[in-house]
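Readers should treat all values here as calculations from the given coordinates under stated rules, not as data from a laboratory. Since the model is a prediction, treat every value here as computed from it, not as a measurement. When we count neighbours, we look across all protein chains shown, and the Cβ atoms used for this are built from the backbone with ideal geometry, even at glycine.
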């Protein structure tokens, strides 16, 4: 079993198409077939069910995919790190982020960091709320941008607060509620609501959302994976979104109105306090400087 076989398997598991897999890997379709057949023979397992009309994973294939994808990713990272050490990089720094909030300040942080420490190789991992916690506790990430409650019970986790968020409603300009100074939860009754997926959002956010649903039993509720998707749904006329203010985009077509709730949510950056590497300390310092600048 070798890397090329695993790459073929992962791509085929995701595309379920031999022709598309061959295109993605810049190889021929018979080569893909050979790699998969060889892998199945070596494992003594059927990973795919193949007919003239479709390709699908077997239960064994699903299990193998769930485990091997992460291994393959880490293998590729390990190879890249080894190559980097053969060049001019003296160390590595891995950072977990979610992609919505960080888009406003992360580019400036990275630019300043690379200017000061060009010899450090940076690895950025986009992950959801739960994945970031797991990757951090497994020591696969050095730094994580997340909400406080995600890490408050982790031993040796240091936390620097970057923003304190209030809950807001995000709605299209011209909406009947868009001229309000503040929106009461009861005013959301009979409105279509866009909420963050409760499975992958902070429990504090899930609690607020649950309270809104209890007070607005007749509202149609849509769940979104991210603030970015929520913005798209709002613009498409699907409904009104509720989210912390620090994740809101500054889109001129949208209105952001405070929600009449007192709850706050803390968002910041996390690191392992037992890890005293200067690369981590410098990243924390730059992050605080950039985020303070945004508040001015």
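For the stretch 1-40 and the stretch 186-219, write down the distance between their C-alpha centroids in whole Å.
If you average the Cα positions of each part, the centres end up 43 Å apart.
If you wrap the stretch 164-265's Cα atoms in a convex hull and average its projection over all directions, what's the area in nm²? Each step should come with its number before you reach the end.
On the way: hull surface 22.7 nm².
For the Cα atoms of the stretch 164-265, the hull's average projected area reads 5.7 nm².
Semi-axes of the equivalent ellipsoid of the stretch 3-84: what are they in whole Å, largest first, if each equals the square root of 5 times a C-alpha gyration tensor eigenvalue? Working shown, then result.
Working: eigenvalues 98, 46, 24 Å².
Its equivalent ellipsoid spans semi-axes of 22, 15, 11 Å.
Quick check on packing: order 136-142, 176-182 by the mean number of other C-beta atoms within 10 Å, highest mean leading. Write out the running numbers ahead of the final one.
Details: 136-142: 17.0, 176-182: 11.9.
With the highest mean Cβ count within 10 Å placed first, the list reads 136-142, 176-182.
Exposure proxy check: 126, 233 ranked by fewest other beta carbons within 10 Å? Could you put the intermediate results ahead of the total?
Numbers: 126 12, 233 18.
The order, fewest Cβ neighbours first, is 126, 233.
Could you put 167, 48 in order, starting from the residue whose Cβ has the fewest other Cβ atoms within 10 Å?
If I rank by nearby Cβ atoms, fewest first, I get 48, 167.
I need the peptides 101-110, 65-74 ranked by packing, meaning the mean over residues of other C-beta atoms within 10 angstrom, with the highest value on top.
Values: 101-110: 16.4, 65-74: 12.6.
Ranked by mean Cβ neighbours within 10 Å, highest first: 101-110, 65-74.
Which whole number of Å³ per residue matches the convex hull of the alpha-carbon atoms in the stretch 72-180?
Numbers: hull volume 17.4 nm³, N = 109.
Per residue, the Cα convex hull of the stretch 72-180 comes to 160 Å³.
Take each of the peptides 246-259, 151-164, average the number of other beta-carbon atoms within 10 Å over its residues, and list them starting from the highest.
Numbers: 246-259: 16.4, 151-164: 14.4.
The most tightly packed comes first, giving 246-259, 151-164.
Among 238, 120, which comes first, second and so on when ranked by fewest other beta-carbon atoms within 10 Å? Kindly include the intermediate steps, with their values, before the conclusion.
Numbers: 238 16, 120 19.
Final ranking by Cβ density, sparse to dense: 238, 120.
Two decimals is fine: what's Rg over Rh for the chain, C-alpha atoms, Kirkwood radius as Rh? Working shown, then result.
On the way: Rg = 23.0 Å, Rh = 22.2 Å.
Answer for the chain: 1.04.
What per residue convex hull volume, in Å³, do the alpha-carbon atoms of the stretch 144-205 yield? Kindly include the intermediate steps, with their values, before the conclusion.
Values: hull volume 8.2 nm³, N = 62.
Once divided by residue count, the hull of the stretch 144-205 is 132 Å³.
Angle between the Cα long axis of helix 203-215 and the longest principal axis of the chain, 0 to 90 degrees, nearest 10?
Helix 203-215 and the main axis of the chain meet at about 50 degrees.
What does DSSP give for the chain in terms of the percent of beta bridges that are antiparallel, rounded to the nearest 5?
Values: 26 of 42 bridges.
Counting DSSP beta bridges with both partners in the chain, the antiparallel share is about 60 percent.
For the stretch 52-68 and the stretch 108-175, write down the distance between their C-alpha centroids in whole Å.
A separation of 33 Å, based on Cα centres.
Looking at the square roots a ≥ b ≥ c of the eigenvalues of the Cα gyration tensor of the stretch 185-237, which shape do they give, rounded for a/c under 1.5, prolate if a/b is larger than b/c, or oblate?
oblate
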